[in-house]
Amino acid sequence: MRAETAAAGHNLKRTQINWFKYSSPQTFFPLAAKLTPWFGAAAVLLCAIGLYIGFFVAPTDAQQGDAYRIIFIHVPAAWMSMFLYVVMAFWAGAGLVFNTRLSGMMASAIAPSGAIMTFIALWTGAVWGKPTWGTWWVWDARLTSELILLFLYFGFMALQAAIDDPRRADKAGAVLALTGVVNIPIIYFSVQWWNTLHQGASVSLKSAPTMAATMLLGMLVMALGFWMYCIATTLLRVRRIILERERRSDWVAQYVRTMK
Amino acid sequence: MLTALRCVIHRDLLLAMRRRADVLTALLFFVIVVSLFPLGLGNEPNLLRTIAPGVIWVAALLASMLSLTRMFSEDHADGTLEQMLLGSTPLGVIVVAKVAAHWLVSGLPLVLIAPVLALQFDLHQSLLWTLTLSLLLGTPVLSLIGAIGAALTLGLRGGGILLSLLVLPLYVPVLIIGAGTVDIESAGLSAQGHFLVQGAFLVIAATFSPWAIAAALRISAE
Amino acid sequence: MLEAANLECVRGDRTLFSGLSFSLNPGELLRVAGTNGSGKTSLLRILCGLLSPTHGEVRWQGGNIGSLREEYWKEIIYLGHSSAVKDGLTAMENLMVSCTLAGLTIDHEQARAALRCFGLAECEDLPAKVLSQGQRRRVSLARLILSDKLPLWILDEPFTALDTAAVDYMQTLIAEHVARGATVVLTTHQEAQIAAATLVTIDLTSRIL
């Protein structure tokens, strides 16, 4: 019979290979603080350029007039909303596989950004619909998929909010996010199929004006801007989550003291 | 492995038989929800015929979701779930047995009673088979996907409402294709393609969800 | 051999224990003591693989139980706080089901004999909902009689709700199993009188070994 008590300590973590260096919340926390302003500035700059291209450089559309210009917000937001779900599922899955705490925190931090992007895509879609088709909401395939995507984001956030233990919240969220990611293509195609069955392709965002090169450029710049914005807000949020979850640790206590 | 599978199915059916009221409640809910639609929408026969597949499918979705919360919660509360997690049988197999039993108890009765309800909506007789078959292929998928949500929300505050928030968006493809199968047949086209898609959904769900359910159960039981 | 290496368990905001290491050889009995909330149940759940520790690992015959999974669970029996007895099933059915889940193939005769050992001869066909708390406990403990081949028993408060006679019987059962060369881990508040060659106590409150 052998029994001993080893000193409690975090010396295990130090021996991890360098690759995982920033997977520790403690090392990532200051890095995130350093990166946030850069991404924030990039977001402001790119969005300004994108909006300038969208409102002043891109030509007026023959059919829709200036109303179409909302696509410079609508389309990039829709792109980001789907992209962010995949990124969120990636982090959540990585957390499940490698058991790194930071991955789960990243996933929780991305979710609100994703939901906001989805909401923007839905809202601008409705605003676009009013002058174009005379109605706020059309059961267009893309709008409907966006709506379901919004529900998926809400489900993820509600599940995490309902679980008190952060470790369980991360893992449960990961299973849900991965299930969602398998489902999203299926949802997308079934909604598209449903749309062709019930409405025909007559009313669809696909009938948007044929893309001029400047329009595409504007949308791409805006998408980059949104991307930078999402990274910046995610980093802000992940810092808050790190502080909250690590509140018992010495380094957070020290950090809080220096803030005073 | 098969012994454990058979044992769990047998046990769950036995428990359900000894508490028949629970099974009937979900079935009655299905019947009542379906019967409410004509009251809300009026009794115009053409309208009723058009909405019948959608109404029956949505009601089936809700009814099968109602019974989901019970799927693991009792086993969780009395400690049986722990024994299942620590059994010599892979958890995936146990989970398949649980889902199968759940479907037999709460999915199959819906499938069987749906044609009778469809008659209330004056659905054409040739479509009754299509409706039944589409539900037969679709309701197991509902049980499989729903079980993931049931496992994730195990033991949480307000689990039931949260469960519907998680699961209903994931039900969308099943609903669309399921109700669409009847729609397309009523439009005079062949529904064969849709049955194939439904079959594919069933295969995909049966392949992936046992993993997800098992993982979720281990997470929730910690 | 069961080994715990540098285990740490954090529940919510509280570190229940950390840096906990021990190893148990065949024929050894480990009694986990401690006040309420000191982490006895958590430790047992970690040892059987229901709960993953915040740090450290549990090894069985040299292999991490996280990767052994079913290989490990085949060899252990864990009886937790809740008795895993279903209200809707009879005592007999409950025992048969729990044995099948554990991978034990037993016939009705064996099950009946096990129930009889725990004084449940008259109750075997009664639904569990009419049984008393102590009787329900006995139904789940009856599985131990059928698990004499398993090299590791992990028992959480096996003596609660039992009367003196049953407690005595449990103690002999455990002593016999340890004498057979198996390992037993248990938690208890009572001062258990178990005749075991090697009895180790871990007190989680003060961490005295």
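The values are calculated or read from the model by the stated rules, or taken from the named source; none is laboratory data. Worth saying up front: this structure is predicted, and the values here are computed from it rather than measured. Here the Cβ positions follow ideal geometry from the backbone for every residue, glycine too, while neighbour counts run over all protein chains shown. Calculation scope for accessible area: heavy atoms of the full protein, side chains included, ligands and nucleic acids excluded. Shrake-Rupley method; radii C 1.70, N 1.55, O 1.52, S 1.80 Å.
Points worth noting:
- In Hz, Karplus ³J(HN,Hα) per residue of region A:239-254 (6.51, -1.76, 1.60; θ = phi - 60°; x = Gly, Pro): 5, 5, 5, 4, 4, 5, 7, 9, 4, 7, 7, 5, 5, 5, 4, 5
- Between 0 and 90°, nearest 10: helix B:45-66 axis offset from chain B longest Cα axis: 10 degrees
- In this calculation the C-beta distance from A:Phe55 to A:Leu31 is compared with R0 = 56 Å, giving a FRET efficiency of 0.95.
- Violating pairs (Cα-Cα greater than 30 angstrom) within the set C:Lys40/C:Lys74; A:Lys260/C:Lys40; C:Lys86/C:Lys149: A:Lys260/C:Lys40
- For region A:125-131, 3J(HN,Hα) computed residue by residue from phi via the Karplus equation (6.51, -1.76, 1.60; θ = phi - 60°) reads x, 5, 5, 5, x, 4, x Hz, glycine and proline entered as x.
- Efficiency of FRET between C:Thr105 and B:Ser126 - r from beta-carbon atoms, R0 56 angstrom, step 0.05: 0.65
- In order along region B:16-26, the phi-based Karplus estimate (6.51 cos²θ - 1.76 cosθ + 1.60, θ = phi - 60°) of 3J(HN,Hα) comes to 5, 5, 7, 10, 4, 4, 4, 5, 5, 4, 5 Hz; Gly and Pro are listed as x.
- Loop sites here are GluC sites (Glu not before Pro) outside DSSP states H, G, I, E and B with no more than 13 other Cβ atoms within 10 Å. The longest part of chain C free of them is C:1-121.
- Normalised contact order of chain A, rounded percent, pairs of Cα under 8 Å and 6 or more residues apart: 33 percent
- Delta accessible area of at least 40 Å² on complex formation, residues of region A:148-176, 1.4 Å probe, chain isolated as reference: A:Leu159, A:Ala162, A:Arg167, A:Arg168, A:Lys171, A:Val175, A:Leu176
- Angle in degrees between helix C:164-179 and the longest Cα principal axis of chain C, rounded to the nearest 10: 60 degrees
- Accessible area buried between chains A and B, both sides summed, probe 1.4 Å, in Å² to nearest 100: 2400 Å²
- Other residues lying with their Cβ under 11 Å from the Cβ of A:Trp128 contribute a combined charge of +1, Lys and Arg counting +1, Asp and Glu -1.
- Surface exposure of region C:40-109, expressed per residue as accessible area with a 1.4 Å probe, stands at 36 Å².
- Residue-averaged beta-carbon neighbours from other chains (10 angstrom radius) around B:12-19: 2
- With all protein chains kept in place, the per residue accessible area of region B:31-104 amounts to 36 square angstrom at a probe of 1.4 angstrom.
- Nearest-ten-degree value, helix A:71-98 long axis tilted from longest Cα axis of chain A: 30 degrees
- Here's the list of aspartates and glutamates a cross-link from B:Lys98 could span, going by alpha-carbon distance under 13 Å and ignoring same-chain residues fewer than 8 apart: B:Asp12, B:Glu74, B:Asp75.
- Remark: spin-label model distance B:Thr207-C:Ser132 equals 5.6 nm, labels positioned 7 Å along the Cα→Cβ axis.
- Peptide-level mean, for B:174-183, of C-beta atoms on other protein chains within 10 Å: 3
- Sulfur and carbon atoms: percent of accessible area, chain B [1.4 Å]: 72 percent
- Legend: residues in region B:187-222 shielded by at least 40 square angstrom of accessible surface upon adding the remaining protein chains to the isolated chain (1.4 Å probe, heavy atoms) are B:Arg218, B:Ile219, B:Glu222.
- Solvent-accessible area, 1.4 Å probe, carbon plus sulfur percent, for chain C: 51 percent
- Residues of region C:54-103 that bury at least 40 Å² of accessible area once all protein chains are present, compared with their chain alone (1.4 Å probe, heavy atoms only, ligands and nucleic acids left out), are C:His55, C:Glu70, C:Trp73, C:Tyr78, C:Ser82, C:Ala84, C:Lys86, C:Gly88, C:Leu89, C:Val97, C:Thr100, C:Leu101.
- Whole-percent carbon and sulfur share, accessible surface of region A:45-96, 1.4 Å: 76 percent
- With R₀ fixed at 30 Å, the C-beta to C-beta distance from B:Ile32 to B:His10 puts the FRET efficiency at about 0.45.
- Of all DSSP beta bridges in the protein assembly as shown, antiparallel share, percent nearest 5: 50 percent
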